[in-house]
Amino acid sequence: MAAIRVVLVTVSDTRNASDDESGAVLARKLADAGFQVKRHAPIRDELLVIRELVRSGATMNEADAIVLTGGTGLAARDVTPEAIEPLFEKRIDGFGEEFRRRSWNATSAVAPSGSSPWRTNVPGDLALGARALLTRATAGVVSGTVIVALPGSPGGAELGAALLIEMLPHAVEVLSGHVRHDHHKAK
């Protein structure tokens, strides 16, 4: 199978290409795993801008997956799920569930008082406990393209990259028709 083509999108009103740590983590991890990062586009937290970028990228078959980082929290400007979920032809509910589970259960070293576990680059230091429930990480399919929304933190990007590396190859194979799911009956 050819390298999986990915478009990365950083959703932020404050970050640009020079200070986008989460986008850099995702780009590096995905490239190291053999994915082809076609482009990395920073865009502002605007519902219609996000929606149109995803819709056009998916319908033009620009990539096998469009991965957005940012805009999945509870702040007023966090609109990524609202922008993309109405486009989903199929939801991948297990992605967000597994992302939250991994965030909750990651082995945690005690972070210094006042520091955020999301700000570290050490996967073992990413545990959030109940705070993991506040992320609205989500995934679905639009025009045969896997669409994924991850938190905009470097830790969220780190966890999300690991999950994408495991999930995307099979999802792309299924969507491209190269793999079928046979349900075997127990004998």
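Restricting the range 119-133 to residues that are among the small types (Gly, Ala, Ser) and exposed (fewer than 12 other Cβ atoms within 10 Å of the Cβ) leaves a set whose member that is modelled with the highest pLDDT is Ala130. Within the range 1-49, if we keep just the residues that are among the β-branched types (Val, Ile, Thr) and farther than 24 Å from Val142 by Cα, the residue that is most open to solvent (accessible area, probe 1.4 Å) turns out to be Thr14.
Could you tell me whether Leu87 is in contact (Cβ under 8 Å) with a residue 40 or more places away in the chain, surrounded by fewer than 24 Cβ atoms within 10 Å (Cβ to Cβ) and either farther than 14 Å from Arg136 by Cβ or of a type in the set (D, E, K, R) (or both)? Answer is yes for this residue.
In the range 155-171, which residues are open to solvent by 10 Å² or more (accessible area, probe 1.4 Å), over 16 Å from Asp93 (Cβ atoms) and either in contact with a Pro (Cβ under 9 Å, 6 or more places away or on another chain) or touching a residue at least 60 places away in the same chain (Cβ under 8 Å) (or both)? Hits for the range 155-171 are Glu158, Leu159, Ala162, Ile165, Pro169. Taking the criterion of being in contact (Cβ under 8 Å) with a residue 24 or more places away in the chain and part of a helix (DSSP H, G or I), the residues of the range 1-43 that qualify are Glu21, Ser22, Gly23, Val25, Leu26, Lys29, Leu30. Taken over the range 143-154, residues that are closer than 16 Å to Ile66 by Cα and either open to solvent by less than 10 Å² (accessible area, probe 1.4 Å) or within 11 Å of the chain's Cα centre (by Cα) (or both) amount to 8. The residue that is modelled with the lowest pLDDT, among those in the range 172-186 that are open to solvent by 40 Å² or more (accessible area, probe 1.4 Å) and in a helix (DSSP H, G or I), is Ser176.
For Asp13, the conditions (1) modelled with pLDDT under 95; (2) in contact with a Phe, Trp or Tyr (Cβ under 9 Å, 6 or more places away or on another chain) are fulfilled apart from (2). I'm told Glu52 meets every condition in (1) farther than 23 Å from Gly73 by Cβ; (2) surrounded by fewer than 16 Cβ atoms within 10 Å (Cβ to Cβ) except one. Can you identify the failing condition by its number? Result: Glu52 passes all but (1).
The values are calculated or read from the model by the stated rules, or taken from the named source; none is laboratory data. What you see is a predicted model, and the numbers here were worked out from it, not measured in a lab. Every residue, glycine as well, gets a Cβ built from its backbone with ideal geometry; the counts of neighbours run over all protein chains shown. Just so you know, the surface numbers come from the protein's heavy atoms only, side chains and all, with ligands and any DNA or RNA stripped out. Shrake-Rupley method; radii C 1.70, N 1.55, O 1.52, S 1.80 Å.
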